[in-house]
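Trainee: Take a look at the following structure, please.
Only the coordinates and a few stated rules stand behind these numbers; no lab work does. Since this is a predicted model, take the numbers as computed values, not measurements. Here the Cβ positions follow ideal geometry from the backbone for every residue, glycine too, while neighbour counts run over all protein chains shown.
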Amino acid sequence: MRLEATVPDSRVHAATALADELGLSQSQLVDEALALFLRAAAAVRQGRRLLTVDARNPEQVQEVATPTLSALEWAANPQPLDLPPASLAKMMELVNAPPPPNERLRAAVKRYRQ
């Protein structure tokens with residue numbers, strides 16, 4: 001199967017250099033990366049954290065994280081939100097009757113549309 005991806009130039013250069021160093025094709029390198037990421041995502045979904053361990057000093061560990069793995073971890077561990085009744089009532093009031101846009105909101109919309 002053919003796979004296309006948009007990757008920052010800096011990462012492409014690093015990946016190409018690593019593939020050359022290891023004697024791998026770019027396809028092999030991408031396959032290795034996908035296999036590792038799939039395993040990492042499965043581990044995070046099981047409530048695990050990924051670490052690297054220094055072979056010479058096993059007490060030195062470093063956590064491995066990416067934005068996606070962190071998001072998976074957060075999604076796997078939802079926390080209850082306990083709000084006082086007054087806060088819930090205020091939220092419902094704002095949902096049912098939102099205030100009109102103010103100048104700051106209008107300025108933000110103008111910047112966004114440019």
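Trainee: Using the Karplus curve 6.51 cos²θ - 1.76 cosθ + 1.60 with θ = phi - 60°, work out ³J(HN,Hα) for each residue of region 68-75 in order, rounded to whole Hz, and write x for Gly and Pro.
Mentor: Per residue, the Karplus-derived 3J(HN,Hα) values read 5, 5, 5, 5, 4, 4, 5, 5 Hz.
Trainee: Using only the Cα atoms of the chain, what do you get for the radius of gyration and for Dmax, in Å?
Mentor: My reading of the Cα-based Rg and Dmax gives 23.1, 64 Å.
Trainee: Turning to a different aspect of this structure: How do Val30, Val44, Val61 rank when sorted from fewest to most other Cβ atoms within 10 Å of their own Cβ?
Mentor: Placing the least packed residue first, the sequence is Val61, Val30, Val44.
Trainee: Sort Met91, Met1 by Cβ crowding within 10 Å, fewest neighbours at the top.
Mentor: Met1, Met91
Trainee: Under 19 Å from a point placed 7 Å out from the Cα of Leu22 along the Cα-to-Cβ direction: which residues of region 56-75 have their backbone N that close?
Mentor: Answer for region 56-75: 64-66.
Trainee: Relative to the longest principal axis of the chain, what angle (0 to 90°, nearest 10) does the C-alpha long axis of helix 9-22 take?
Mentor: Its long axis makes an angle of about 30 degrees.
Trainee: Can you list the residues, at least 5 places off or on another chain, whose amide H is less than 5 Å from the amide H of Leu50, using H built in the peptide plane?
Mentor: Hits under the 5 Å cutoff: Val64.
Trainee: What value, in deg cm²/dmol to 500, does the helix sum -39500 (n - 2.57) over DSSP H runs of n ≥ 4 give at 222 nm once divided by the residues of the chain?
Mentor: Calculated at 222 nm, the ellipticity per residue is -19000 deg cm²/dmol.
Trainee: Give me the number: length gained by fully extending Glu93 to Glu4, i.e. 0.36 nm times residue separation minus the C-alpha to C-alpha distance, one decimal in nm.
Mentor: 27.3 nm
Trainee: Please label the shape of region 1-53 as rounded, prolate or oblate, based on the square roots a ≥ b ≥ c of the eigenvalues of the alpha-carbon gyration tensor (a/c under 1.5 means rounded; beyond that, a/b larger than b/c means prolate, else oblate).
Mentor: Since a/c reaches 1.5 and a/b is larger than b/c, the shape of region 1-53 is classed as prolate.
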